[in-house]
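The values are calculated or read from the model by the stated rules, or taken from the named source; none is laboratory data. Keep in mind that this is a model prediction, so the values were computed, not measured. Cβ atoms come from the backbone with ideal geometry, glycine included; neighbour counts cover every protein chain shown. Heavy atoms of the whole protein, side chains included, go into the accessibility calculation; ligands, DNA and RNA do not. Shrake-Rupley method; radii C 1.70, N 1.55, O 1.52, S 1.80 Å.
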Amino acid sequence: MATEKRIVITRWSAVSPLGIGRTAFEAGFLAGAVPTAVRTPPYGHLTGDRAYLVPEFDVRAVLGRRGTRSMERLSGLAVTTARELLQEEPALTDNAQTAVVLGTSGSPQVMRDFIRSSLLAERPFYVDPAAVPNGVLNCAASRIAIWHQLQGPNATLTTGRTAGLFALGHARRLLTAGRARQAVVGAAEEYSDTRAWLEWHHRDQRTPRVSLSEGCALFLLENAAGPSRPPLVELLTIEHRMCVSGPPGEQLRRCVHSALARYGLTPDDIWSVSLSRAPGELCDQEHQALAAMFAPSALNRLPAPSWIAASASASAAFQLAAALTAAARHAATGCLSLIIALDPGGTMACALLRHC
């Protein structure tokens, strides 16, 4: 461990229901603002619901008409967030060594529409060829790289609600292995009728329906030895586990203990814990497992807006953005934070951070 490179986050940005950019996120989060949940039209047999959408977000209006004719909403959210992140000074100096790692579930709406057109068209091959790339899982990460001319490794991770932390872990490995000097890393999720339909049918019937959310949060990871600007937080470690059967509480405790033991820490050393608050019974099991380990002050230090928990693949990335915002507000230099992520599919992860 002594020879490991120290990896830090030096800047971040977000496009969320609070608005476009880091400033909008920080102001809304610190003020306890509740985004407006807009009414969505009925879809299939589902009645109209409400969803937390990025306000007045239109891809072509935000990014311009050039290069956006066939860009779907998910890529638009990701590319816009990367623009907000990378326009900060100083500019990146080595695009050839800048990686992109994105956690996402892709765009089920694009996949559904493409398949539907092949079934309903006069001929199965009478489909829009421009829609094909948009239905591929790595489309958003690729568009970030192409739009901003980032030529390093490019990866997409799809692990549900844990995708943001898995993406951070992969980007960290790229930097420590010397395969990249910097990494644009985070997670994105879009709202769509198809996603609402899938979420409705995938949920446990005992779990109440919630208003879904969307957005993207991205972070710039760099080696601490030569960051482009003062670091915000050091990414100490990311641990992950898989729970395929039974209550996840014991596996979650082992995951957290492993992260703490790596640095000789105890639960009393942790300043804040950001809970995943996954839907249904998983939320209760998560709280019970962590309440037995951490003081109430650590568990309650960060607000937990419902729209963050409802943002699926983007939720862990938004949790990290919220932790950075709260740490800056409280001047928590040197304090330690944990980000917890659980997915009903069985994946779980925790990230241990030291605020700078």
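Is it the case that THR10 is under 25 Å from ALA304 (Cα atoms), modelled with pLDDT of 95 or more and in a helix (DSSP H, G or I)? I'd like the intermediate steps shown before the answer.
Details: under 25 Å from ALA304 (Cα atoms): yes; modelled with pLDDT of 95 or more: yes; in a helix (DSSP H, G or I): no.
The answer is no for THR10.
If we scan segment 241-248, do we find a residue that is modelled with pLDDT under 95, in a helix (DSSP H, G or I) and under 24 Å from LEU282 (Cβ atoms)?
No, segment 241-248 contains no residue that is modelled with pLDDT under 95, in a helix (DSSP H, G or I) and under 24 Å from LEU282 (Cβ atoms).
Does segment 249-260 include one or more residues that are at pLDDT 95 or above, farther than 21 Å from SER105 by Cα and either of a type in the set (Asp, Glu) or not in a helix (DSSP H, G or I) (or both)?
Among the residues of segment 249-260, not one is at pLDDT 95 or above, farther than 21 Å from SER105 by Cα and either of a type in the set (Asp, Glu) or not in a helix (DSSP H, G or I) (or both), which makes the answer no.
Does ARG116 satisfy the condition of being without any contact (Cβ under 8 Å) to a residue 12 or more places away in the chain and over 16 Å from ALA183 (Cα atoms)?
For ARG116, the condition - without any contact (Cβ under 8 Å) to a residue 12 or more places away in the chain and over 16 Å from ALA183 (Cα atoms) - is met.
List, please: which pairs have Cβ atoms under 9 Å, are six or more places apart or on different chains, and start with a residue in segment 65-76 that is free of Cβ contacts under 8 Å to residues at least 12 places away in the same chain and end with one that is of a type outside the set (Phe, Trp, Tyr) and surrounded by fewer than 22 Cβ atoms within 10 Å (Cβ to Cβ)?
Sorted first by the residue in segment 65-76, then by its partner, the pairs are THR68/VAL59; THR68/ARG60; THR68/VAL62.
Could you list, in sequence order, the residues of segment 266-285 that are within 24 Å of ALA167 (Cα to Cα) and either at pLDDT below 95 or open to solvent by 50 Å² or more (accessible area, probe 1.4 Å) (or both)?
ARG277, ALA278, PRO279, LEU282, CYS283
Which is within 28 Å of LEU236 (Cα to Cα), open to solvent by less than 70 Å² (accessible area, probe 1.4 Å) and touching a residue at least 60 places away in the same chain (Cβ under 8 Å), of GLY160, GLY152?
The match here is GLY160.
Which numbered condition in (1) in a helix (DSSP H, G or I); (2) under 24 Å from GLU4 (Cβ atoms); (3) touching a residue at least 24 places away in the same chain (Cβ under 8 Å) is the only one that ARG173 fails?
So the condition that ARG173 fails would be (3).
Identify all residues within segment 304-342 that are open to solvent by 30 Å² or more (accessible area, probe 1.4 Å) and under 27 Å from VAL54 (Cβ atoms); write none if there are none.
Within segment 304-342, ALA304, PRO305, SER306, ALA328, ARG329 qualify.
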